[in-house]
1. If each residue's Cβ is checked for other Cβ atoms within 10 Å, how do 140, 173, 85 rank with the fewest at the top?
2. Jot down the radius of gyration and Dmax of the chain, Cα atoms only, both in angstrom.
3. Looking at the chain as a GNM with Cα springs under 10 Å, which of 325, 111, 338 has the largest mean-square fluctuation?
4. For segment 216-312, what is the relative contact order in percent, using Cα pairs closer than 8 Å and at least 6 residues apart in sequence?
5. Span-like helices, the chain: DSSP H, alpha-carbon axial extent 18 Å or more, mean Kyte-Doolittle 0.0 or greater, which ones?
6. Report the net charge of residues surrounding residue 114, where surrounding means a beta-carbon distance below 10 angstrom and charges are Lys +1, Arg +1, Asp -1, Glu -1.
7. In a shell of Cβ-Cβ distance under 12 Å around residue 356, excluding residue 356 itself, what net charge do Lys and Arg (+1) and Asp and Glu (-1) give?
8. Among 168, 129, 245, whose Cα lies farthest out toward the positive end of the dipole of the chain, if unit charges sit on the beta carbon of Lys, Arg (+1) and Asp, Glu (-1)?
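Derivation of every value follows stated rules applied to the coordinates shown; laboratory data play no part. Remember, it's a predicted structure, so these values are computed and weren't measured experimentally. Because the Cβ atoms are built from the backbone with ideal geometry, glycine has one as well, and the counts that use them run over all protein chains shown.
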Amino acid sequence: MPAAIALVALGAVVAVAVWRPWSGSADAVGGPAQITVSRSQCGQGWTGAKTGRQTIVVHNTGDAAAEVDLVEMSSNKVYGEVEGLGPNTSAPMDVQLGAGRYAIRCLIEDTDAITAPTVTVAGDGEGGPAAVAVTKNDMLPLVKQYEAAVAGGVADLAVKTDKLRADVDAGNLAAARTDWLPAHLAYNSLGAAYDAFGDFADKIDGSAGFHPLEKGLWHNASVAALKPIADQLAADVQGLQHDLPNEQVDPNDLGLRAHEVMENALQFELTGENDQGSGTSLNTALANLDGTAKVLAILDPVLKPRDPDLAQVQKWESRVRALLTAHRSTPVARLDQTSREQLNGAVGELLELLAPVAAICEVRRSS
């Protein structure tokens, strides 16, 4: 992750972790302010504070990595942050401040949060993007809710992969081709849990599992060749189900995966790269969208008061859903140019709107 990031605002064009509301990093007037941070010093040197656009250069003079936030004290909104700032290194913090009372908050490894003296900023400049910091207490109930949903989804996945294995074991490959898709979609609708699955993720839907089974089923492989693949797939799903109580979803993964799941769909499903013969990549992309929608619904209590673009996220999620539903079961290679452009454009717009979710939902220490 880059050293410096800033929070998001309405209409921003956003990368996964970095957002800049303007080009360049110099102050509108004069050179950038410079502050120092360490276990014994937090925010020293912030002078000449003013409203409007500005850059603050943060220098870590200590011996441990630091996160540095600029916080508006009355609202507890974070206007800017620098993450992962190593000892004896510097990074710019780009912010846009309105009139108010602000402070630098230093989060040093193995040290309680340190808040610098409050600085009063006066003037007519308009404040920029900010969001109330999300705490672990905000996210933990949502993670528990998501983990419960995932447990139900994996149980459904196990039933469907067992049926798929039974088809192959019985030599009924026509039934296996029919039952492959529901099982595959059950996995791809799980959304943000992917990273919590460890090695099971690749075993189930990476270079092993569903994809070689798909290739064999749609390219006339023998029952003898397919049986060990189907058996191992079902065994891996059962292994995942058994291991699931020991796996935990990182709170920061919920917001991050909301974007990454659809980013993968754009890269691998909407291009047809993952298609091994079934022609169902758009069905898979729709299942990915279902997983993203599930994550967004669970994150709603955190996002609603913080993300001014949430209504636009929902609008474009509906737009993508309508397009994918209209072309469901159409191989990507058979899409006409207009349909392909509409899909790519809509998913691209949704991805721009989803990118800030990770920054907004990132858990930040305040103590």
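1. Ascending number of Cβ neighbours within 10 Å: 140, 173, 85.
2. Gyration radius and largest Cα-Cα distance of the chain: 24.1, 78 Å.
3. The residue that fluctuates most here is 338.
4. 26
5. 173-188, 223-243, 281-303, 337-361
6. Charge balance in the 10 Å sphere: +1.
7. -3
8. Of the candidates, 129 comes out farthest on the positive side.
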